[in-house]
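Engineer: Please read through the structure below; I'll follow up with questions.
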Amino acid sequence: MNNITDRLTALDYFIVLAYLIILAVIGYKASVPKKGQPDETLFLANKSLGWASIGFNMWGTNVGPSMLLAFASIGYSTGIVAINFDWYAFVFLFLLAIVFAPKYLAANVTTMPEFMGQRYGESTQTILAWYALIKILISWLSLGLFAGGFLVRQILGIPMWQSVTVLVLFAGLFAYTGGLKAIARVNVFQMILLIGVSLTLTILGINKVGGLEAVFQKAPIGYWSLIHPASDTKYPWPAILLGYPVAAVAFFCTDQSMVQSVLGAKNLEQGQLGVNFIGWLKILSLPLFILPGILCFILFPNLKDPAEAYMTMVTNLFPPGMNGLVIVVLIAVLVGTIGSSLNSLSTVFTMDVYARKINPNASNAQLIKVGRMTVIVGCLFAVGMALAIDSIKGLNLFDVFQSVLGFIAPPLSVVFLLTVFWKRTTRKAVNTVLSIGSAFSLGVGIVYLWVLPPDKYSFWPHYLLLSFAIFAILLITAILISLLDKNPAIYTPVTLRSDAIKPTRRVWIAWISLIITMVGLYLVFD
């Protein structure tokens, strides 16, 4: 892969500098409270977020540093099938908007552990809080920062420790000073830049190939199929149909980093429209992330490593003066994901551990101080873990990201789905799944990924099917425990007025339009 620093011009450096200044100004304005208003913006942005900020911030959290590499790599080697991981998500985003969000906002909670704690008590909240902290530290911060540092090291040619330190300090600045409000404002600006730069790369690639018709003709016909046969070893349709929902429910409906934007909404309608907006944004994953990989396959078919597809397109198609924009996009996706993760980490620790266990009478100023200290600790931990991961040789983390989520997700999906859809669910069932069930799920994951890896032991099913099997086992276990519990401790849902949870006409129009569009896209690319 060519080192992009060798091709930087004065204009590139000016673009990067201008971007950093604009980003700092936006973050500063969002971080400083208006006169007469309390300094409460660190965790939920004073519940001031509109639909656009919510959608862009959720998308910025979701578009991690590995997506530019992973999606382009999959596009290069298999075509558009991986777009299922973004397009199929509209089903679960709809579930978040219409089913989960009304309950979250009605409960007036700051975190997901707090929501479960209201229903099942302190023990459940404590278990879920620590589970959430570990999940954020490992799957969001450490793996995400490593992926970003890996990418920056490859592109700029600087050591890993320098890459991750600079990245986490820059992202942590917004989480430390302005919290969710600053991150949300910054992400709106950054995601618009991401769309512009990646779309430019795609257009340049299409022109280089000879137009859209030439692109469809020159790529293998199987590259344009969303649904692969059950015999396909990488993305069989049963695995995506059954296994992906397990991860999607946990990721979109219960994950603090994703849901926190909705919790900061001005009102329920804005939250539901914001979730709808990210559904529309996810359609762009095809032209922005997957298509560059397919174009690279047509233009440069002999790459040694498909992971180089995105940067191969950049270094060969972007003229001098535009490479600074690529660095800008890298910073954007990194700050979006890591900043949101740090904010979620500080929110969960401050509200579910510090405010409940350590200092129940803490003032707002004390909560903000602890939240900021948590951001600093999270930065240090993430840097250390990213460097430790980098020392492991021969581990291709871009291939295991989805499988790691597949083993973290089943317990969360089970307890939240049962809580929302089955009132008979008991505290004992929930706590058992969150503790023993989590140990079982993560244990299977460790055996699958490292002890008896599937590349050496062929008896394993696809990791998505394995995730679904774990989900089914835990679901049946939770139901049986609830039914057999002689002294059930069940929750009483908050009684709501029908007009408080009924979606507005605007919300239904937005969602029906998205559903029709997504069904149409699946029919076109079937």
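Engineer: Determine, from the Cβ-Cβ distance of L449 and W224 and an R0 of 30 Å, the FRET efficiency 1/(1 + (r/R0)^6), rounded to the nearest 0.05.
Structural biologist: Values: r = 32 Å, r/R0 = 1.05.
Approximately 0.45, to the nearest 0.05.
Engineer: Moving to a separate point now. Mind checking the log10 I(q)/I(0) for the stretch 209-331 at q = 0.19 Å⁻¹? Debye, one equal scatterer per Cα, no solvent, two decimals.
Structural biologist: With one equal scatterer per Cα and no solvent, log10 I(q)/I(0) is -1.20.
Engineer: Could you check the simple spin-label distance between I436 and V25, using points 7 Å along Cα→Cβ, in nm with one decimal?
Structural biologist: The modelled label-to-label distance comes out at 6.0 nm.
Engineer: Determine the sum of side-chain charges near E122: Lys and Arg each +1, Asp and Glu each -1, restricted to other residues whose C-beta is under 14 angstrom from that of E122. Intermediate values should be presented prior to the final figure.
Structural biologist: Working: positive: R119, R356, K357, R427; negative: E114, D352.
Within the 14 Å Cβ shell, the charges total +2.
Engineer: For the stretch 326-481, what are Rg and Dmax over the alpha carbons, in angstrom?
Structural biologist: Rg and Dmax of the stretch 326-481, Cα atoms, are 19.2, 56 Å.
Engineer: Could you tell me, in Å, what Rg and Dmax come out for the Cα atoms of the stretch 288-372?
Structural biologist: Radius of gyration, then largest Cα-Cα span, for the stretch 288-372: 21.7, 63 Å.
Engineer: Need one number: convex hull volume per residue for the stretch 236-280, Cα atoms only, in Å³.
Structural biologist: 77
Engineer: Follow-up. Averaged across orientations, what area in nm² does the convex hull of the alpha carbons in the stretch 301-347 project? Can you show the working numbers first?
Structural biologist: On the way: hull surface 17.4 nm².
Projected over every direction and averaged, the Cα hull of the stretch 301-347 covers 4.4 nm².
Engineer: Normalised by the residues of the stretch 297-394, what does the relative contact order come to in percent, with Cα pairs under 8 Å and at least six apart? Mind showing how you got there, number by number?
Structural biologist: Working: 30 pairs, mean separation 20.8, N = 98.
That works out to 21 percent.
Engineer: If you don't mind, another one. So if I take the alpha carbon set of the stretch 275-316, get Rg, then get Rh from the Kirkwood formula, what is the Rg over Rh ratio?
Structural biologist: 1.13
Engineer: Could you run the Karplus curve 6.51 cos²θ - 1.76 cosθ + 1.60 with θ = phi - 60° over the stretch 136-146 and give me ³J(HN,Hα) per residue in whole Hz, x for Gly and Pro?
Structural biologist: Each residue's phi maps through the Karplus curve to give 5, 4, 8, 6, 8, 6, 5, 5, x, 5, 4 Hz.
Throughout, read-outs are computed from the coordinates displayed, never taken from laboratory work. Just so it is clear, the model here is predicted, and its values are computed rather than measured. As a convention, Cβ positions derive from the backbone with ideal geometry for all residues, glycine included, and neighbour counts pool all protein chains shown.
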